[in-house]
Structures are given as C-alpha cells and as structure tokens.
Amino acid sequence: MQEKSMHNTAIIYSSGRKNGNTTAQVNAYSKQQSGIVFCLDDYVISPYRYDKQYHNDDFYNLFEVLLRYEHWVFASPVYWYNTTPQMKAFMDRITDYMDDEALKPKLRTLRQKQFSLLSNAASPSAPDAFLDMFKHTFNYLGMTFKAHSHVQAG
C-alpha cells in the first residue's frame with residue numbers, strides 16, 4: 001500500500017531560468033495551496049530508451065515519491081507550443097511503467113489522482129497544443145483534470 005504524504009499536492013515544474021516566471025508562479029501557488037515543490041531540473045532524468053539502460057538516473061525514485069500525492073500540479077513555461085525538455089523527458093519516462101508488468105499496478109494508482117497545470121508565456125493564454133499534450137497524456141493515464149492557470153509573462 002502507498003504511504004500517503006502529509007500534504008496532498010505535489011508541484012512538479014521545470015524552467016530554463018531557475019528564478020524566472022515559472023518559479024515565481026510555483027512559489028505563489030505553493031504558498032496559497034500548501035503544496036510540496038519538485039523542480040525537475042534538480043534531477044537527472046534521461047530520455048526514454050527502449051533498452052531501459054539508465055545510468056545515474058533519478059526518475060524511478062522521484063516517480064515513486066510523487067505517487068504518494070493525490071494532486072499533481074505541472075508547471076512550465078510555454079516553449080514553441082511545448083514544455084521544457086526536462087518536463088517532456090519526465091512525461092516520456094512514464095512509459096517505463098507501461099512497459100513493465102511489475103510496475104503497471106503502480107501506474108494504475110494514477111487513476112485516483114488529479115492534475116492541474118500552471119503555465120506562463122508572452123501570450124495572454126496558453127496555446128491548445130501545450131494544454132492538450134498534458135491533458136491527453138494524463139487523461140490517458142486515468143488522472144482527472146482539475147484546473148489550469150496561465151500568467152502572461154512580461
């Protein structure tokens with residue numbers, strides 16, 4: 001059985017600037033909603049590989065910790081209709097749990113979880129392509145979409 005966290009929200013973010021708009025948005029959200037922050041840029045997350053040969057990689061340990069949280073909030077700037085490379089690598093690596101029969105039961109626990117999005121860009125709203133990538137991926141995994149907040153960065 002999964003051990004529950006004292007806080008039920010994990011804020012998972014990545015940004016090209018450690019102290020930029022995304023970090024400010026995450027800090028404001030965390031202060032208001034009392035979530036635990038995980039900066040993906042602080043972890044080694046290798047790109048997905050069919051042979052599963054990941055050396056000195058933090059993905060599995062990080063994902064196991066995140067499974068303790070009921071609400072996952074993903075935060076990223078919008079880069080050419082997409083997320084940061086580190087966030088994309090994190091999302092791609094979830095495939096490891098789909099490919100391994102021993103890990104599939106853990107992946108199925110996502111069906112009881114919710115997710116939200118925080119985004120920022122020079123534009124007044126996040127493009128559908130950006131939102132759809134997250135929504136389609138995590139809906140496919142059985143998670144329930146809760147909310148999205150976008151900040152126009154200046």
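At a glance:
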| item | result |
| --- | --- |
| Among residues of the range 100-124, those that are without any contact (Cβ under 8 Å) to a residue 24 or more places away in the chain and either outside any loop (DSSP other than H, G, I, E, B) or under 15 Å from the mean Cα position of the chain (by Cα) (or both), counted | 2 |
| Counted residues, the range 44-69 - those being assigned to a loop (DSSP other than H, G, I, E, B), at negative phi and either open to solvent by less than 40 Å² (accessible area, probe 1.4 Å) or touching a residue at least 24 places away in the same chain (Cβ under 8 Å) (or both) | 9 |
| Failed criterion for residue 18 (all others in (1) open to solvent by 60 Å² or more (accessible area, probe 1.4 Å); (2) in a helix (DSSP H, G or I) hold) | (2) |
| Test set (1) open to solvent by 40 Å² or more (accessible area, probe 1.4 Å); (2) out of contact with any Pro (no Cβ under 9 Å at 6 or more places or on another chain); (3) within 17 Å of residue 139 (Cα to Cα) - residue 92 fails condition number | (2) |
| Residue within the range 30-42 that is part of a helix (DSSP H, G or I), hydrophobic (A, V, I, L, M, F, W, C) and within 13 Å of the chain's Cα centre (by Cα) present | yes |
| Filtered residue count, the range 82-91, keeping only those that are more than 11 Å from the chain's Cα centre (by Cα) and part of a helix (DSSP H, G or I) | 1 |
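The values are calculated or read from the model by the stated rules, or taken from the named source; none is laboratory data. Quick caveat, the model's predicted, so the values are computed rather than measured. Neighbour counts are summed over all protein chains in view; Cβ atoms, including those assigned to glycine, are modelled from backbone coordinates with ideal geometry. Surface areas here come from the heavy atoms of the whole protein model, side chains and all, with no ligands, DNA or RNA. Shrake-Rupley method; radii C 1.70, N 1.55, O 1.52, S 1.80 Å.
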